[in-house]
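Taking it in order: structure first as structure tokens, then the write-up.
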Amino acid sequence: MNYRIGPKSSLLGTLMGDPHKSKDIDNARRDLHNLGIRYELHFYEDGNRLMKPAAEYTFSEANRMKFCRFVRSVQFLDGFASNLSKNVAQNDSRVVGLKSHDCHVIMQRLLPVECRSLVNKTIFSTIIKLCTFFN
């Protein structure tokens, strides 16, 4: 089956640093280099390998685990949302297997609450604007 990645899951994938659901791909980084902008996101060499630096808008490993623990701990009223704790991986590092409604709930309800402590103010304000738009 082909699943289309919508804006809600791709935002979560980008924040979590998921290589399969993120829009932060290698070609986008090459475009930044060709345009001569955002130098902090350009590839750099580490020995014989090209490395892609973590973007400012992605969660660090510790913040990713905090967000997953938060998602695991949230309880909703009956019928509002599914049990999201089932969608958090065992090692608290990824959120997997979300349905469309689960992505809506995370983006509209949980991201604005938890991202305040996980990212800086400018990125948080952008996330709030996106979440408000989709709400």
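The values are calculated or read from the model by the stated rules, or taken from the named source; none is laboratory data. Just so you know, these numbers come straight off a predicted model, no measurement behind them. Glycine also receives a Cβ, built like all others from the backbone with ideal geometry; neighbour counts cover every protein chain displayed. Side chains are part of the model used for accessible areas, which takes the heavy atoms of the whole protein and leaves out ligands, DNA and RNA. Shrake-Rupley method; radii C 1.70, N 1.55, O 1.52, S 1.80 Å.
Each residue in the stretch 13-49 was checked for being over 11 Å from the mean Cα position of the chain (by Cα), at positive phi and open to solvent by less than 100 Å² (accessible area, probe 1.4 Å), and 2 pass. Can you tell me which of 86, 99, 129, 121 is at pLDDT 90 or above, over 20 Å from residue 60 (Cα atoms) and basic (Lys, Arg)? Matching residue, one of 86, 99, 129, 121: 129.
Quick check on my filter: what residues within the stretch 66-79 are closer than 16 Å to residue 111 by Cβ and either small (Gly, Ala, Ser) or open to solvent by 50 Å² or more (accessible area, probe 1.4 Å) (or both)? Please lay out each step first, then the result.
Within the stretch 66-79, the subset closer than 16 Å to residue 111 by Cβ is 66-74, 76.
Within the stretch 66-79, 66, 69, 72, 73, 76 meet the criteria.
Name the residue that is nearest to residue 14 (Cα to Cα), counting only residues in the stretch 105-135 that are open to solvent by 40 Å² or more (accessible area, probe 1.4 Å) and of a type in the set (A, V, I, L, M). The qualifying residue nearest to residue 14 (Cα to Cα) is 130. Residue 102 - would you say it is open to solvent by less than 90 Å² (accessible area, probe 1.4 Å), among the charged types (D, E, K, R) and out of contact with any Phe, Trp or Tyr (no Cβ under 9 Å at 6 or more places or on another chain)? It is true that residue 102 is open to solvent by less than 90 Å² (accessible area, probe 1.4 Å), among the charged types (D, E, K, R) and out of contact with any Phe, Trp or Tyr (no Cβ under 9 Å at 6 or more places or on another chain).
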